[in-house]
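Q: Dropping a structure here in structure tokens format, bear with me for questions.
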Amino acid sequence: MDSLSILGIIIGLTAILGGNMLEGGHIGALANGPAVVIVLGGTIGAVLLQTSPAVFIHALKKVGWVFFPPRIKLDLEIEKVVEWSQIARREGLLGLEAVVGSVDDPFAKKGLQLLVDGCEPEMIRECLEVDLSVKENHDLQAAKVFDGMGGYSPTIGIIGAVMGLIHVMQNLSDPSKLGSGIATAFVATIYGVGLANLLFLPIANKIKGRAHLLAQSRELVIEGLISIAEGENPRNIELKLQGFLL
């Protein structure tokens, strides 16, 4: 679990709600049903209009990355590749056939299978790079869904504010109806800007970070498999791959 994500949400909400209370306000003043409907409904509607169903569903699945990121440790990836290179050096490339079945990662399994099948290094690189590019782009498209929500949300909040003010202007003769209109106007703006900057945009950036790290891990595997295919010394392979570490 990513504790920083949870901590960030807690600190962000505490800062805003706590600041509101320090100024003499109360949490109930920020609870406004019509504002929630306008901002969330309008934002989701706008995003659905610009996004394909497959990308939208994929984006919802990738929200899990914010709290439960894929377990990627580049140093362990290097150890695995070096181990494969040592097997290939002792037993030949066919010696890796027994390893293929024990690999869980479909990407690495595909690369190992190509290696065992005796494909040329450039062929292996081309196949895996296409796979990497498509998967990374798919994940970045998921991040763009939340980027879009972060862009639309403040604007929809302004629309809610204008609608609230229109309601106020239509009921100037009835003071009892002014309060709800003014509340909707200001709270809708808070919801729009707050959701964008505390939730949607951070989620988008977190997904992008996870996608880039996953792509980096796959690039490491590609370089390792190509080095094995070219018959490089395991020690040299390890030194080369350590360049991926910070």
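Q: Taking only pairs six or more apart or across chains, which ones have beta-carbon atoms under 9 Å, a first residue in segment 55-70 that is in the same structural domain as Lys144 (by TED's automatic domain parsing), and a second residue that is exposed (fewer than 11 other Cβ atoms within 10 Å of the Cβ)?
A: Cβ pairs passing all conditions: Phe67/Met1; Phe68/Met1; Pro69/Met1.
Q: Something else now. Could you go through segment 52-66 and let me know if any residue there is over 17 Å from Ala204 (Cβ atoms) and in a helix (DSSP H, G or I).
A: Yes: one or more hits.
Q: Mind listing whichever residues of segment 81-135 are in a helix (DSSP H, G or I) and among the hydroxyl-bearing types (Ser, Thr, Tyr)?
A: Listed by number, the residues that qualify are Ser85, Ser133.
Q: Among the listed residues Ile44, Ile9, Ile78, Ile72, identify the single one that is modelled with pLDDT of 85 or more, of a type in the set (Val, Ile, Thr) and part of a loop (DSSP other than H, G, I, E, B).
A: Ile72
Q: Ok, one more. Just to be sure, is Leu22 within 16 Å of Phe146 (Cβ to Cβ), of a type in the set (A, V, I, L, M, F, W, C) and exposed (fewer than 11 other Cβ atoms within 10 Å of the Cβ)?
A: The answer is no for Leu22.
Q: Return the pairs, sorted by first residue and then second, in which the second residue is assigned to a loop (DSSP other than H, G, I, E, B), the first residue lies in segment 164-181 and is modelled with pLDDT under 70, the beta carbons are less than 8 Å apart, and the residues are 6+ apart or on different chains.
A: Lys177/Asn171; Leu178/Asn171; Leu178/Leu172; Gly181/Asn171
Q: Hey, another quick one. Of the conditions (1) of a type in the set (S, T, N, Q); (2) over 19 Å from Ile203 (Cα atoms); (3) in contact (Cβ under 8 Å) with a residue 24 or more places away in the chain, Gln141 fails just one. Which one is it?
A: Exception for Gln141: condition (2).
Q: Kindly evaluate Gly231 against the criterion of being within 32 Å of the chain's Cα centre (by Cα) and either surrounded by fewer than 19 Cβ atoms within 10 Å (Cβ to Cβ) or among the aliphatic types (A, V, I, L, M) (or both).
A: No: the conditions fail for Gly231.
Q: Against the definition (closer than 30 Å to Leu114 by Cβ, assigned by TED's automatic domain parsing to the domain that holds Ile228, touching a Gly at 6+ places or on another chain (Cβ under 7 Å) and in contact (Cβ under 8 Å) with a residue 24 or more places away in the chain), how does Val39 come out, yes or no?
A: Spelling it out, it is not the case that Val39 is closer than 30 Å to Leu114 by Cβ, assigned by TED's automatic domain parsing to the domain that holds Ile228, touching a Gly at 6+ places or on another chain (Cβ under 7 Å) and in contact (Cβ under 8 Å) with a residue 24 or more places away in the chain.
The values are calculated or read from the model by the stated rules, or taken from the named source; none is laboratory data. This one's a predicted model, so the numbers in the text were calculated from it and none came from an experiment. Cβ: placed from backbone, ideal geometry, glycine included. Neighbour counts: every protein chain shown.
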